[in-house]
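Here is the structure we will look at.
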Amino acid sequence: MARKLAAGNWKMNGTGASLGELEALVSEGVPQGVEVLICPPAPLLTRAAALAGDIAIGGQDCHAAVSGAHTGDVSAIMLKDAGASYVILGHSERRADHGESDAVVRAKAEAAAGAGLQAVVCIGETLDEREAGQTLQVVETQLTGSLPDTASASNTVVAYEPVWAIGTGKVPTLEQIGEVHSALRAALVARFGAAGGDIPLLYGGSVKAGNAADIFAVPNVDGALVGGASLKAADFRPIISALAATVAE
């Protein structure tokens, strides 16, 4: 059975003062049976790791190379050295803004595993693809192309984030979320065998306190990758609590 993970992606938001929100989460503790992850901007990683306690810290991207002439990029081993244990890869904003292909994401995931990081690999369809009835084809193609053959529950998390729902306030119906997560689970099991049943599947896209419990009740949803609602402890804590409630049931 896949573990439960509530992951917060701060994106390009936050300065040192924002670490008070992380401290607030730490002070309240991590509920039994779930993991909590915060992915702050790279300049905050080392300071965040020093404050994190039982909360995991992750990067928002890494380069596929270990080192080299890649000005402005950060390698997986650098993230590990800074105190990270996870890294988000293939987020739709990276795919759109930086032209990252499935092959690029796969190479980064291989680098992350090599450095001892867990990769949170993001996939998701655009609104045009959804309306054209191509959702399952798109996400299954991205899943196949973005995950290395060495992917396992110990080094990989998959996050389904419909592009049209990220930061828009729009959320797919629970039936639509369930359809995609069930298809992804089947694809993981088909490729990796029984071990594919243990790779966590997160949902992302306008997750907030008001809808988290309903989303977490959908089969094969093992947690969430949360954007804006993770920036404030008061907003993220109810999401974490909703996930913890599924473990207690």
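Residues whose amide H lies under 5 Å from that of K4, counting only those 5 or more places away or on a different chain, are E35; hydrogens are built 1.01 Å from N in the peptide plane. For the chain, complete DSSP H runs whose alpha carbons reach 15 Å or more along their own long axis and whose mean Kyte-Doolittle score is -1.0 or higher are 102-114, 135-146, 174-192, 233-248.
Within the shell defined by Cβ-Cβ distances under 10 Å, the residues around G205 carry a net charge of 0, with Lys and Arg each +1 and Asp and Glu each -1. Summary value for the range 4-248: 21 percent relative contact order, contacts being C-alpha pairs under 8 angstrom separated by 6+ residues.
Rounded to the nearest 20, the Cβ-based charge dipole of the range 4-248 about its Cα centre (Lys and Arg +1, Asp and Glu -1) stands at 300 debye. For H63, the residues whose amide H sits under 5 Å from its own are V74, S75, A76, ignoring neighbours fewer than 5 places away on the same chain, with H placed 1.01 Å from N. Taken along the Cα-to-beta-carbon direction at a fixed 7 Å, the label points for A213 and A245 span 0.3 nm.
Taking amide H atoms as placed 1.01 Å from N in the peptide plane, the amide H of V207 lies under 5 Å from those of G227, each 5 or more residues away in sequence or on another chain. Modelled this way, with points 7 Å down the Cα-to-C-beta line, the labels at A234 and T168 are 2.9 nm from one another. Pairwise Cα separations in the chain fall into 5 Å bins from 0 onward with the following percentages, short to long: 1, 7, 15, 19, 21, 18, 12, 5, 1, 0, 0.
Local charge for P148 was computed over the other residues whose Cβ lies under 9 Å away, with Lys and Arg +1 and Asp and Glu -1, and equals -1. Extension gain, N13-A103: 0.36 nm per intervening residue step, less the Cα-Cα distance, totals 29.6 nm.
Every number here is computed from the coordinates shown, using simple stated rules; none is lab data. Note that the structure is predicted; figures quoted are calculated from it, not measured. Cβ atoms come from the backbone with ideal geometry, glycine included; neighbour counts cover every protein chain shown.
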